[in-house]
Amino acid sequence: MSDSPPFKAPIGTHDVLGVDSARWEGLVATFAGFAHRYGFHLAITPLFEDVGVFKRGIGEQSEVARKEMYVFEDRGNRTFALRPEGTAPIVRAFIQHNPTTPFKAWYFTPAFRYERPQAGRYRQHHQLGVEVLGTDDPMIDVEVVSLAQRFFEDLGLRRFRLLINSMGHAQCRAAYVALLREYLSQHADELCDEHATTWSENPLRVLDCKNERCVAVTDKAPMLIDHLCDDCRAHFDVVRAGLVALGIDASVEPRLVRGFDYYSRTTFEFVSDALEGAQNAIGGGGRYDGLVEQLGGKPTSGIGFGSGVERLLLTLDAEGVTGAFGAQRELDIFLVDTVGGEAGSVLLDRLRHEGYSVDRAYDQRSMKSQMKLADKSGARLALLLGAQELAAQEVTMKDLRSGDFGTTQERVAQVDLFAILAQRLKVT
Ligand code: HAM
């Protein structure tokens, strides 16, 4: 054994094992079901990309690009970054493969950001998300937002709110930023320490700042929502009306500017009232009508959202939602095999082929020790295969949750086993 202390997962990352991983499986399967019902296909793209995909995609000046990306050089002197988010890689793949539009992709991905780790904020987190490329129809905005809303509702979450805003398109945003810049220049000395010097680089960031000095200044600042051009205003109104028609409440939040430069028009965030303020976003997204061009493709509209799995699980816990997402997958059968050799392995193979989840003990343990493991396993039934059973082509069936089957133990012929199991365990 080595003298050095054992390795641990890096700070800000975590292992997902056992009961926890059952909840992850449940979440991902539920999201996949939703995505399919809304016409999305799974997309899998590399975890690392040319660093330019992200720098140009999310904006060189964004906090994530400046301070949080994991950038590395490979042995061929190419500079890559681990993905800090899921949208830019999908757009890169869209440009590369030129699929028919609208192109609708969903994903489940780790994302890497060098953040200060705390509850709900990690250096590797995981997102479930969707992206749609090739239409600026406001009805797709409604669909994307409603997919997220229905997904959260289906998980059993109740204490969350939807905030929505419009960032306008490039032209109306540019005119607004000039206005905001003018306003901030008159109040620069009243801003928080960071923004007192940096407001000019990206004035929109100041709107997002939670510091009370910045909030006091921006409370009276002009808001983009009041300076949209007619087209962007009309687009936003149709999106809002569409959400109302689905019975989805959305509060307009003029300060919602989001952290990446690619956003245009509709932006939205789902916040949980069950989580701590600074980490309370359980999902967010919006339109990015200029991003495909920004990454070298033809002008193409896009919209999507991402939702943090860790935050969803924290929210489920905080709201006390258990049910399907708290339960470990059930084991149907535990095989207690005191014969050893191939007979047990053949029986296991047949049981699993029939669709039962089956486990067993190894290493020739005693009958008593195997029965203990069977009890611990949570299986509904134990099947005992001993020398007597093997000789008679039988198996002993033992009910591990007395009462379930009316009888606790019985010998059955192996030829009848599957008919009996089908009756008792009902594989679906
Ligand atoms: P985002 O708001 O940066 O957007 O992240 C989406 C979600 O991921 C957040 O709402 C939050 O639930 C979770 N999240 C973000 N950072 C962390 C972290 N450090 N630790 C734990 N959870 C985190 C995006 O990434 C965009 N790509 C979303 C999008 C898709 N926009 C358009 N399409």
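The values are calculated or read from the model by the stated rules, or taken from the named source; none is laboratory data. Nothing here was measured: the structure is a model prediction, and the numbers come from that model. When we count neighbours, we look across all protein chains shown, and the Cβ atoms used for this are built from the backbone with ideal geometry, even at glycine.
Go through (1) assigned to a loop (DSSP other than H, G, I, E, B); (2) touching a residue at least 60 places away in the same chain (Cβ under 8 Å); (3) crowded, with 17+ Cβ neighbours inside 10 Å; (4) of a type outside the set (K, R) one by one and return the number of the condition E269 breaks.
Only one criterion is unmet by E269, namely (1).
Among the candidates A29, A35, A9, which residue alone is without any contact (Cβ under 8 Å) to a residue 60 or more places away in the chain and part of a helix (DSSP H, G or I)?
Selected residue: A29, the only one of A29, A35, A9 that is without any contact (Cβ under 8 Å) to a residue 60 or more places away in the chain and part of a helix (DSSP H, G or I).
Given the options R150, R181, R158, name the one that is surrounded by fewer than 17 Cβ atoms within 10 Å (Cβ to Cβ) and not in a helix (DSSP H, G or I).
Every option except R158 fails the conditions.
Does L312 meet the test of being over 19 Å from the mean Cα position of the chain (by Cα) and either buried (at least 22 other Cβ atoms within 10 Å of the Cβ) or closer than 30 Å to P84 by Cα (or both)? If you could, list the steps in order and put the result at the bottom.
Working: over 19 Å from the mean Cα position of the chain (by Cα): no; either buried (at least 22 other Cβ atoms within 10 Å of the Cβ) or closer than 30 Å to P84 by Cα (or both): yes.
So L312 does not fit the description; no.
Residues to consider are R311, R329; find the one that is among the basic types (K, R), at pLDDT 95 or above and closer than 27 Å to L27 by Cα.
None of the others qualify; the one that does is R311.
Tell me yes or no: at least one residue of region 236-259 is over 20 Å from G286 (Cα atoms), buried (at least 19 other Cβ atoms within 10 Å of the Cβ) and either away from the ligand (no atom under 16 Å from the Cβ) or under 31 Å from the mean Cα position of the chain (by Cα) (or both).
No, because not a single residue in region 236-259 is over 20 Å from G286 (Cα atoms), buried (at least 19 other Cβ atoms within 10 Å of the Cβ) and either away from the ligand (no atom under 16 Å from the Cβ) or under 31 Å from the mean Cα position of the chain (by Cα) (or both).
Would you check which residues across region 214-257 are of a type outside the set (A, V, I, L, M, F, W, C) and assigned to a helix (DSSP H, G or I) and list them?
If the condition is that a residue be of a type outside the set (A, V, I, L, M, F, W, C) and assigned to a helix (DSSP H, G or I), then T218, D226, H227, D230, D231, R233, H235, D237, R240, G242 are the ones that fit.
Do the conditions hold for F80, that is, is it crowded, with 18+ Cβ neighbours inside 10 Å, outside any helix (DSSP H, G or I) and not hydroxyl-bearing (S, T, Y)?
yes
Please state which of the following conditions G323 fails to meet, knowing it meets all the rest: (1) modelled with pLDDT under 95; (2) closer than 24 Å to L256 by Cα.
Answer for G323: the failing condition is (2).
Give the number of residues within region 64-99 that are in contact (Cβ under 8 Å) with a residue 24 or more places away in the chain and either outside the structural domain of F31 (by TED's automatic domain parsing) or within 23 Å of V144 (Cα to Cα) (or both).
13
Can you name every residue in region 110-144 that is of a type in the set (G, A, S) and either away from the ligand (no atom under 14 Å from the Cβ) or part of a helix (DSSP H, G or I) (or both)? Steps first, please.
Of all residues in region 110-144, those of a type in the set (G, A, S) come to 111, 119-120, 129, 134.
Result: G134, single match.
Only one of these conditions is not met by Y107: (1) farther than 11 Å from A43 by Cβ; (2) more than 8 Å from the ligand (Cβ to nearest atom). Which number is it?
(1)
I'd like to know if region 188-202 contains one or more residues that are part of a loop (DSSP other than H, G, I, E, B), in contact with a Cys (Cβ under 6 Å, 6 or more places away or on another chain) and surrounded by 20 or more Cβ atoms within 10 Å (Cβ to Cβ). Let's see the steps before the verdict.
To start, the set of residues in region 188-202 that are part of a loop (DSSP other than H, G, I, E, B) comprises 191-192, 199-202.
Remaining after also requiring in contact with a Cys (Cβ under 6 Å, 6 or more places away or on another chain): 191-192.
If we keep only those that are surrounded by 20 or more Cβ atoms within 10 Å (Cβ to Cβ) too, we end up with 191.
Within region 188-202 (the criterion being part of a loop (DSSP other than H, G, I, E, B), in contact with a Cys (Cβ under 6 Å, 6 or more places away or on another chain) and surrounded by 20 or more Cβ atoms within 10 Å (Cβ to Cβ)), the answer is yes, since at least one residue qualifies.
Assuming C232 fulfils every condition listed in (1) closer than 27 Å to R161 by Cα; (2) free of Cβ contacts under 8 Å to residues at least 40 places away in the same chain; (3) buried (at least 19 other Cβ atoms within 10 Å of the Cβ) apart from one, which condition is it?
Here C232 meets the rest and fails (2).
Tell me, which residue of region 275-323 that is within 23 Å of C172 (Cα to Cα), in a helix (DSSP H, G or I) and not polar (S, T, N, Q) is farthest from the ligand (Cβ to nearest atom)?
Result: E293.
V395 is checked against (1) in a strand (DSSP E or B); (2) touching a His at 6+ places or on another chain (Cβ under 6 Å) and fails just one. What number does that condition carry?
With (1) in a strand (DSSP E or B); (2) touching a His at 6+ places or on another chain (Cβ under 6 Å) applied to V395, the lone miss is (2).
In this structure, is K67 in contact with a strand residue (DSSP E or B) (Cβ under 6 Å, 6 or more places away or on another chain), within 15 Å of the ligand (Cβ to nearest atom), basic (K, R) and over 30 Å from G378 (Cβ atoms)?
The answer is no for K67.
Output the residues belonging to region 49-64 that are outside any helix (DSSP H, G or I) and more than 16 Å from the ligand (Cβ to nearest atom).
Hits for region 49-64 are D50, E60.
Which of the residues belonging to region 12-59 are modelled with pLDDT under 95 and among the aromatic types (F, W, Y)?
W24 - this is the single residue of region 12-59 that is modelled with pLDDT under 95 and among the aromatic types (F, W, Y).
Report every pair of residues separated by at least 6 positions or lying on different chains whose Cβ atoms are under 8 Å apart, first residue within region 116-129 and on the phi < 0 side of the Ramachandran plot, second small (G, A, S) and surrounded by fewer than 17 Cβ atoms within 10 Å (Cβ to Cβ).
Close Cβ pairs (under 8 Å, with a partner that is small (G, A, S) and surrounded by fewer than 17 Cβ atoms within 10 Å (Cβ to Cβ)) amount to R121/A278.
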